[in-house]
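The values are calculated or read from the model by the stated rules, or taken from the named source; none is laboratory data. For clarity, every value in this text was computed on a predicted model and none was experimentally measured. Cβ sites come from the backbone with ideal geometry, for glycine too, and all protein chains shown count toward neighbours.
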Amino acid sequence: MHLSRSPRRRTAAWAAAALTVTGLLIGPPSAAAADGPTAQVDSALLKAVDKGGETSFFVVLKDKADLTTAQRKHGHAARAKSAFDELKAKAHKSQQSLNTFLDKEKVGHQDFWIANAVKVTGDQDLVERLAKRSDVERIVKEQHYKLDDSGSKPTAAETKAALKAATEAATAEEATPEWGVKDIKADRVWDDYRDRGEGIVIANVDSGVQYDHPDLVGNYRGNNGDGSFTHDYNWYDASGQCPTSAPCDNNGHGTHTMGTMVGKGGVGVAPNATWIAAKGCQSDLCDDSTLLLAGQWILAPTDHNGQNPRPDLAPNIVNNSWGSDDTTTTFYQDVVKAWNSAGIFEAFAAGNDGDGVTCSTTHPPGSQVTSYGVGAYDSKGKIANFSGFGPSLVDGSQKPNISAPGVDVRSTWPGSSYNTISGTSMATPHVAGAVALLWSAAPSLIGDIDGTRALLDEGAIDVDDTHCGGTAGANNVWGEGKLDILASVDKAPHTAATVTGTVTDAATGKALTGLNIKATDAAGTSRIVNTVAGGAYRLTLAEGTYSFALSGYGYAPKTVTGIQVTKGQALTQDFTLDAVDSHKVSGTVYDVQGRPLAKATVAVDGSPVAPVKTDTSGAFTLPEVSNGSYTLSVTPSAPVLCNGAYHGALTVDGDETAKIKLPALSDAHGNTCTPATYSWIKGTTEVALTGDEDAKTIALPFPVKHYGVAYTSASVTTNGLVDFLEPRIGDYANTALPSAARPNGTVAALWDDLVLDKKSTVQTAVTGSKGKRSFAIVWNKAAYADGTAGRATFEAVFDEATGSVTVQFKTVPDRGTSATVGIENQTGDDALQYSFDQSVITAGSAVHFTQEDK
């Protein structure tokens with residue numbers, strides 16, 4: 001992926017006092033003029049806010065996490081957890097003062113821990129004041145990038161032919177390896193070492209992945225092996241573009257790079273490695289925010305809501321086939337350092353702006369000394385004319401680090417198809433997949449970033465081209481040379497034991513495929529593989545004593561302890577599992593108010609049992625569920641209203657009956673939504689607000705907290721909004737919540753295109769005694785701008801004692817068919833939506849939103 005940025009130039013008179021710097025992270029602070037800002041300020045930002053403009057930008061703090069403790073930890077999970085804990089703690093402590101200032105100024109902010117940066121939107125005055133803060137290192141405009149458009153989408157005929165070929169390919173072993181796979185000698189590693197990347201988890205930050213592509217579905221970590229999938233912790237859509245919680249790819253680039261790493265059918269370098277993914281690009285576009293969110297998820301995977309991080313589930317390797325047109329930016333360096341401290345190997349594309357001659361054309365982050373950058377060559381062994389050359393303009397380092405196949409590379413593509421495209425984007429996953437082979441063959445190298453880079457460099461085939469500097473063995477055209485993973489594996493320390501065997505049904509002897517085998521040593525470090533055809537598995541393990549835990553649908557879990565492996569040992573360890581009985585699971589689902597709920601989807605997560613819908617009485621029956629422990633999930637159908645999804649433990653050891661009441665709908669902040677008792681408060685004090693598309697700022701009788709921030713005033717709009725951040729902006733057409741587009745920091749009592757004419761009023765009222773007061777904002781007889789018959793009367797009521805807000809509806813002629821009802825946080829990345837353009841609002845109804853003080 002090749003990303004573009006706008007050129008940088010100085011603007012604004014006060015900018016002369018600041019040193020121009022781009023990027024988010026790393027680099028020595030500059031000495032500013034005595035009367036100027038103390039922090040470095042990006043010139044692109046200065047241009048954007050000149051003459052009254054506003055834009056989004058990052059405030060990067062000086063305080064940095066000390067990751068040396070993480071680097072000293074033993075084991076992948078321990079290192080990742082240590083790095084995550086230190087980064088989170090440092091960001092939380094150092095960002096408190098800045099966030100207090102931003103909250104006071106009514107500036108919404110999005111906080112990042114992996115880079116210790118805070119994203120805000122503001123004008124020149126805000127930039128100036130932030131630049132003078134002693135805790136700020138630099139301020140950088142948010143950048144937007146574009147994916148590399150190399151190649152083209154396959155035709156319908158090509159897709160059909162590709163799908164037929166994929167169906168007919170029996171196994172990866174029978175397929176002919178693609179030219180790049182053969183050129184780096186990955187197929188020789190398969191044969192000589194019986195190593196296809198088993199037990200290694202690899203990820204990409206890209207445009208997404210078609211997870212059920214025939215060549216990818218088998219080794220997706222979210223594949224439960226029984227026809228069901230668990231996407232939490234295995235997939236994250238930082239862009240918010242996928243229609244469901246399942247992985248998607250609306251561009252193709254990410255599916256292609258993933259196929260080159262781990263695809264079956266001869267397209268992948270390490271076809272038995274396990275994969276997960278983070279969608280860091282909206283489609284062909286991506287920006288700093290989504291890339292940072294994706295970077296955080298790689299270090300600490302979360303559920304699909306971005307909550308409950310699990311650093312112990314971080315991948316071993318991450319591929320990044322993207323880069324910036326700004327050849328001097330330091331963006332992502334802190335992310336790379338955090339990954340490396342956790343023992344996560346990263347590979348970056350060196351960039352596609354070369355011309356075959358000009359030097360210093362590599363692009364960050366691949367051109368940064370912290371990153372392992374990859375150049376591209378073709379099937380004839382010639383460097384690609386687009387491949388970026390060094391030395392790096394960021395730091396003068398030799399770039400690329402190594403070169404790999406990147407011209408006319410065939411790999412997987414959405415639609416269960418294939419596509420042949422070119423770019424350093426295609427070369428980089430060859431390196432990431434090669435590291436999976438290396439670490440699988442030599443597990444003592446797992447997490448050893450420097451040692452792994454050294455072995456890749458030592459194994460590389462020298463290419464003598466010094467016209468951009470360097471030597472025949474290491475230069476700024478090829479780096480260390482052409483990737484040769486067989487040579488690197490040959491040079492690796494071969495002290496590991498090889499454990500192989502089969503898993504069969506204890507009663508019938510039937511080979512069991514798709515079973516999970518987890519080998520854990522005394523220190524808690526685990527390697528996980530699934531059984532393949534014939535029930536076979538293969539693991540390479542460092543010397544030690546292990547417990548083997550086996551699990552799979554339809555069979556009783558089994559743990560075998562005390563399995564001793566020694567250096568260089570070839571150990572055969574077969575297992576048998578006992579099949580279990582199946583039973584009926586039935587029950588009734590009730591909504592948040594305790595009423596039977598129809599059309600809810602009931603599923604047994606972690607099983608191949610087909611989901612069912614509840615009937616009109618809320619009843620459901622799952623006829624055959626194997627004995628075992630599962631998660632029973634219930635998802636309400638649209639409109640969801642205030643019904644949240646249910647996830648509860650289910651143990652099946654006989655026929656089971658469940659009565660399930662759905663929890664209240666909640667957002668990431670912990671706020672909840674529930675239907676409330678209607679108790680109308682009549683307005684007493686008129687607000688001078690009339691007409692169409694207008695707003696009025698009013699004082700609040702007591703501090704009102706909204707997503708943890710206290711406010712003493714708010715803007716009331718003609719369109720049924722209460723806006724805590726700004727007098728008025730962008731509320732002309734209602735949208736679904738959350739939305740990054742302004743307005744943000746709002747209560748949508750009845751957000752619609754409304755008009756306040758001579759028959760309409762907006763009023764306020766205060767009831768109750770101090771400490772227990774209620775404050776109502778009332779819209780009386782608001783007309784519809786589109787001429788809809790009737791008028792809407794509704795209100796938002798804030799409670800002093802609890803901090804909650806209730807919206808009440810006296811009359812709503814169209815029942816909310818064209819309105820949004822809900823609350824949204826200050827950055828538009830979290831919200832609690834009751835309804836959006838749905839006919840669900842009745843006269844005399846109320847909806848209550850808690851406001852958790854977090």
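If only residues of the stretch 222-263 that are surrounded by 24 or more Cβ atoms within 10 Å (Cβ to Cβ) and acidic (Asp, Glu) are counted, the one that is nearest to residue 424 (Cα to Cα) is 249.
Take residue 415 and tell me if it is without any contact (Cβ under 8 Å) to a residue 24 or more places away in the chain and part of a loop (DSSP other than H, G, I, E, B). Steps first, please.
Numbers: without any contact (Cβ under 8 Å) to a residue 24 or more places away in the chain: no; part of a loop (DSSP other than H, G, I, E, B): yes.
Against the criterion (without any contact (Cβ under 8 Å) to a residue 24 or more places away in the chain and part of a loop (DSSP other than H, G, I, E, B)), residue 415 does not qualify.
Pairing each residue of the stretch 553-565 that is more than 20 Å from residue 443 (Cβ to Cβ) and assigned by TED's automatic domain parsing to the domain that holds residue 507 with any residue that is part of a strand (DSSP E or B) and of a type in the set (Asp, Glu), provided the two are 6+ apart or on different chains, yields C-beta distances under 9 Å for 555/505. Looking only at the stretch 816-854, residues that are of a type in the set (Gly, Ala, Ser) and modelled with pLDDT under 95 come to 1 in all.
Do you know which residues across the stretch 502-536 are hydroxyl-bearing (Ser, Thr, Tyr), modelled with pLDDT under 95 and in a strand (DSSP E or B)? Break it down stepwise before answering.
Restricting attention to the stretch 502-536, the residues satisfying the condition of being hydroxyl-bearing (Ser, Thr, Tyr) are 502, 504, 508, 513, 520, 525-526, 531.
Still in the list and also modelled with pLDDT under 95: 513, 520, 525-526, 531.
Passing the criteria: 520, 526.
Hey, any hits in the stretch 632-646 for a residue that's at positive phi and outside the structural domain of residue 727 (by TED's automatic domain parsing)? Yes - at least one qualifying residue is present in the stretch 632-646. Scan the stretch 581-616 for residues that are farther than 22 Å from residue 232 by Cβ, in a strand (DSSP E or B) and small (Gly, Ala, Ser) and the total you get is 3. Do we find that residue 778 is crowded, with 24+ Cβ neighbours inside 10 Å, assigned by TED's automatic domain parsing to the domain that holds residue 741 and of a type in the set (Val, Ile, Thr) in this structure? Yes: the conditions hold for residue 778.
Quick one: in the stretch 831-854, which of the residues that are surrounded by fewer than 21 Cβ atoms within 10 Å (Cβ to Cβ) and in contact with a His (Cβ under 9 Å, 6 or more places away or on another chain) is farthest from residue 797 (Cα to Cα)? For the stretch 831-854, the residue satisfying everything is 854. Contact map, the stretch 710-722: residues that are free of Cβ contacts under 8 Å to residues at least 40 places away in the same chain paired with residues that are small (Gly, Ala, Ser) and in a strand (DSSP E or B), Cβ distance under 6 Å, separation 6+ or inter-chain. Pairs shown: 713/699; 715/695; 717/695; 721/748.
Conditions (1) closer than 20 Å to residue 289 by Cβ; (2) modelled with pLDDT under 95; (3) among the hydroxyl-bearing types (Ser, Thr, Tyr), marked per residue:
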residue	(1), (2), (3)
35	no, yes, no
38	no, yes, yes
42	yes, yes, no
52	no, yes, no
70	no, no, no
76	no, yes, no
81	no, no, no
95	yes, no, no
102	yes, no, no
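When residue 769 is tested against the conditions (1) closer than 24 Å to residue 686 by Cα; (2) touching a strand residue (DSSP E or B) at 6+ places or on another chain (Cβ under 9 Å); (3) surrounded by fewer than 23 Cβ atoms within 10 Å (Cβ to Cβ); (4) not aliphatic (A, V, I, L, M), the lone failure is (2). Considering the stretch 541-551, the residues that are modelled with pLDDT under 95 and of a type outside the set (A, V, I, L, M, F, W, C) include one that is surrounded by the most Cβ atoms within 10 Å (Cβ to Cβ), namely 551. The residue list 597, 662, 577 contains one member that is surrounded by 18 or more Cβ atoms within 10 Å (Cβ to Cβ) and under 23 Å from residue 246 (Cα atoms), which is 662.
Note on the stretch 311-332: residues that are part of a helix (DSSP H, G or I) and either under 16 Å from residue 452 (Cα atoms) or touching a Phe, Trp or Tyr at 6+ places or on another chain (Cβ under 6 Å) (or both) total 2.
Within the stretch 52-106, the residues that satisfy the criterion of being farther than 16 Å from residue 296 by Cβ and among the β-branched types (Val, Ile, Thr) are 55, 59, 68, 69, 100.
Listed conditions (1) modelled with pLDDT of 95 or more; (2) in a loop (DSSP other than H, G, I, E, B); (3) within 18 Å of residue 290 (Cα to Cα) are all met by residue 335, apart from (2).
The strands (runs of 3 or more DSSP E) found entirely in the stretch 43-155 that carry 1 or more residues being over 28 Å from residue 342 (Cα atoms) are 55-61, 117-122, 136-141, 144-146.
Scanning the stretch 412-469 for residues that are in contact with a helix residue (DSSP H, G or I) (Cβ under 6 Å, 6 or more places away or on another chain), of a type in the set (Ser, Thr, Tyr) and within 19 Å of residue 346 (Cβ to Cβ) turns up just one, 452. Note on the stretch 369-398: residues that are under 20 Å from residue 257 (Cβ atoms), buried (at least 22 other Cβ atoms within 10 Å of the Cβ) and not β-branched (Val, Ile, Thr) amount to 10.
Where strands (runs of 3 or more DSSP E) fall entirely within the stretch 728-767, those with at least 2 residues that are among the polar types (S, T, N, Q) and modelled with pLDDT of 95 or more are at 761-767.
Restricting the stretch 458-479 to residues that are assigned to a loop (DSSP other than H, G, I, E, B) and among the aliphatic types (A, V, I, L, M), the residue that is nearest to residue 388 (Cα to Cα) is 477.
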